[in-house]
Each structure stands twice: as C-alpha cells, then as structure tokens.
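Notes follow once the structure below has been shown.
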Amino acid sequence: MFVVKAYLPVNESFGFNADLRSNTGGQAFPQCVFVHWQILPGDPPETGTKPNQVVRETRKRKGLKECVLALDNYLDKK
C-alpha cells in the first residue's frame, strides 16, 4: 500500500475521485481532508490573474456567464 500526501486546490478537485479511480482500475481510494486556506494574489476583476481564472472557471462550471461582474451587481440597490 502507498500513501501519497498532496495539496489539491478545491476548485481543481472536482472530478478528481472519478479520474483517480478510473486511471487505477478502481484500486486507489482518495481521502481528502481540509488543511488550510490561502488568499490568491491578484484581483478577480483583473483579466489574466489567477483569481480571475478561478472565478471564471467556477462560473462556467455552475452554468453562469463567465465574465466577472462589477461589484455594483452584488450591492443592494436603494
């Protein structure tokens, strides 16, 4: 038996279980445990930054428009 420890960002973990099982013929079983969180450097609205990429990929996965909306879209309107 082998034990492999690694950090896997949550946004990149979707489908990991199925991929691991299919590529090992069902012999590997992942056990995921939350260890820590870390702020990504950069600004989500700024094109080309890692936070922008994460937001766009998350919105795409959820079936939303990929564009990062301005903050005004999330504030209460008076």
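The values are calculated or read from the model by the stated rules, or taken from the named source; none is laboratory data. It should be emphasised that the depicted structure is a prediction, and the values quoted were computed from it without experimental measurement. All Cβ positions, even for glycine, are placed from backbone atoms using ideal geometry, and neighbour counts span all protein chains on display.
Values as computed for the structure displayed
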{"read-out": "Residue list for the stretch 23-78, restricted to those being of a type in the set (Val, Ile, Thr) and either out of contact with any Leu (no Cβ under 9 Å at 6 or more places or on another chain) or more than 22 Å from PRO9 (Cβ to Cβ) (or both)", "value": "THR24, VAL33, VAL35, ILE39, THR47, VAL55, VAL68"}
{"read-out": "The stretch 1-57, residues that are modelled with pLDDT under 90 and of a type in the set (S, T, N, Q)", "value": "ASN11, SER13, GLN31, GLN38"}
{"read-out": "Pick from the stretch 28-53, criterion more than 18 Å from LEU69 (Cβ to Cβ) and polar (S, T, N, Q), ranking: surrounded by the most Cβ atoms within 10 Å (Cβ to Cβ)", "value": "GLN38"}
{"read-out": "Test set (1) touching a Lys or Arg at 6+ places or on another chain (Cβ under 8 Å); (2) surrounded by fewer than 10 Cβ atoms within 10 Å (Cβ to Cβ); (3) of a type in the set (Val, Ile, Thr) - VAL4 fails condition number", "value": "(1)"}
{"read-out": "Pick from the stretch 7-27, criterion under 17 Å from LYS50 (Cβ atoms) and among the hydroxyl-bearing types (Ser, Thr, Tyr), ranking: surrounded by the fewest Cβ atoms within 10 Å (Cβ to Cβ)", "value": "TYR7"}
{"read-out": "Matching residues, the stretch 54-78, being surrounded by 10 or more Cβ atoms within 10 Å (Cβ to Cβ), assigned to a helix (DSSP H, G or I) and not aliphatic (A, V, I, L, M)", "value": "ARG56, GLU57, THR58, ARG59, LYS60, ARG61"}
{"read-out": "Residues satisfying the stated conditions in the stretch 28-42, i.e. of a type in the set (Val, Ile, Thr) and closer than 22 Å to VAL55 by Cα", "value": "VAL35, ILE39"}
{"read-out": "Residue identified as under 15 Å from the mean Cα position of the chain (by Cα) and among the charged types (D, E, K, R) among GLU46, GLU57", "value": "GLU57"}
